[in-house]
Amino acid sequence: AKPGALSGHMASVLKEFGGQQGDMVWLSAVHAKLREQQLTERCEIASNLLLLYEVVGTKCSSNRAHEITHLLSGVALSLPAGGLPANQAGQASMALVAEQLSCMLVLSVVDLPAYISLARAQPTSPTSLDTLPLGQKLHDVHSHIRSWPGNPASALLLLTWGAVAQLLEPHVSLGESVAEEMQGRAQEAGLFQSAAACLEACQGLMSTAVAQLCRGVALKALCVSATAFELGPSRQDPAGFSSLVQLVKLVIADDAHVCNEVWDEGRELLAPIRAVLLDACTLFPAYP
């Protein structure tokens, strides 16, 4: 912010809290107010960029994807891995919403459908980075996402990037056992159960449009993970598969258009999630 704008904002904060500069309670209140403003601005920027890439359809270049992941990984929040942080009213905290939007934005800019298409392609030898999603910036983006702290909002990001590493393995290596490492970190962060709880908790503090965009990005992320790890009851314990089904239900709930797309056999990119739901159907009535 410009110095004049910052001083003007500080003046308004001083006025609001009575200007008791020697009072530590007052200083704490000022800090909280500035922190809230910072998180609000971060949410607005991330929401606008999501609208740009997911609705307008603007293609995010590999350079811009690198810049975004670099910036957001640097301000990623170390949220507790257990319960979701909440304010006094029991609502999701603004910090959680900011982290959720940041993770969804990163998942949006790395071009997830391209990795599903890549999984069906025969690898050439040797594979040039220029032919892969993110091109020459792939390793830079990887290092930023790999350094992301594990928390309920980032669980899906960590799992999905592990899936990306798995799908890239025939073409290029992102490091030894990276897919397993990212899976393990996602598991520690609560995996599907945390991802579902976080999505649901944050929706109340987002506009309807942005909440819908987050669900759409989450659906693409689940498709990538299902492609790489062959998610289903035969490869997951009952509790884990149940959490996955609940997350899928949350992502597509009350959206007739998305439901029709998921069941449209012509939509090959959604085939992995369609397979998960078909597996769930075979286990009826356990998964209604």
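The values are calculated or read from the model by the stated rules, or taken from the named source; none is laboratory data. These numbers were taken from a predicted model, which means no experiment stands behind them. With ideal geometry, Cβ positions are generated from the backbone for all residues, glycine too; neighbour counts draw on all protein chains shown. Areas reflect the complete protein model, heavy atoms only, side chains present, ligands, DNA and RNA absent. Shrake-Rupley method; radii C 1.70, N 1.55, O 1.52, S 1.80 Å.
Hey, what's the stretch 239-288 come to in accessible area per residue, 1.4 Å probe, Å²?
Value returned for the stretch 239-288: 55 Å² of accessible area per residue.
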Using every Cα-Cα pair within the stretch 151-288, state what percent have a distance larger than 22 Å. 37
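Carbon and sulfur together cover what percent of the accessible area of the stretch 238-288 at a 1.4 Å probe radius? Present the calculation step by step, with values, prior to reporting the outcome.
Working: 1720 of 2860 Å².
Percent of accessible area from carbon and sulfur atoms in the stretch 238-288: 60.
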Take every Cα-Cα distance within the stretch 109-195, group them into 5 Å bins from 0 onward, and report for each bin the whole-number percent of pairs it holds. 3, 15, 25, 25, 18, 9, 4, 1
Taking R0 as 41 Å and r as the Cβ-Cβ distance between Val56 and Trp26, the FRET efficiency 1/(1 + (r/R0)^6), rounded to the nearest 0.05, comes to 0.40
Residue by residue through the stretch 162-172, what is 3J(HN,Hα) from phi via Karplus (6.51 cos²θ - 1.76 cosθ + 1.60, θ = phi - 60°)? Round to whole Hz and write x for glycine and proline. x, 5, 4, 4, 5, 5, 7, 3, x, 9, 7
Count the net charge of all other residues whose Cβ sits under 15 Å from the Cβ of Ala163, scoring Lys and Arg as +1 and Asp and Glu as -1. 0
For Leu134, net neighbour charge (Lys/Arg +1, Asp/Glu -1) across residues whose Cβ lies under 15 Å away: 0
Theoretical FRET efficiency, 1/(1+(r/R0)^6), r = Cβ-Cβ of Asn260 and Cys281, R0 22 Å, to 0.05: 0.85
J(HN,Hα) series, the stretch 30-41, from Karplus relation 6.51 cos²θ - 1.76 cosθ + 1.60, nearest Hz, glycine and proline x: 5, 4, 5, 5, 5, 5, 4, 5, 4, 5, 4, 5
Among Val178, Val109, Ser147, whose Cα sits farthest toward the positive end of the charge dipole of the stretch 99-228 (+1 at Cβ of Lys/Arg, -1 at Cβ of Asp/Glu, about the Cα centre)? Val109
Ignoring ligands and nucleic acids, Thr227 exposes an accessible area, probe 1.4 Å, in Å² to the nearest 10, of 40
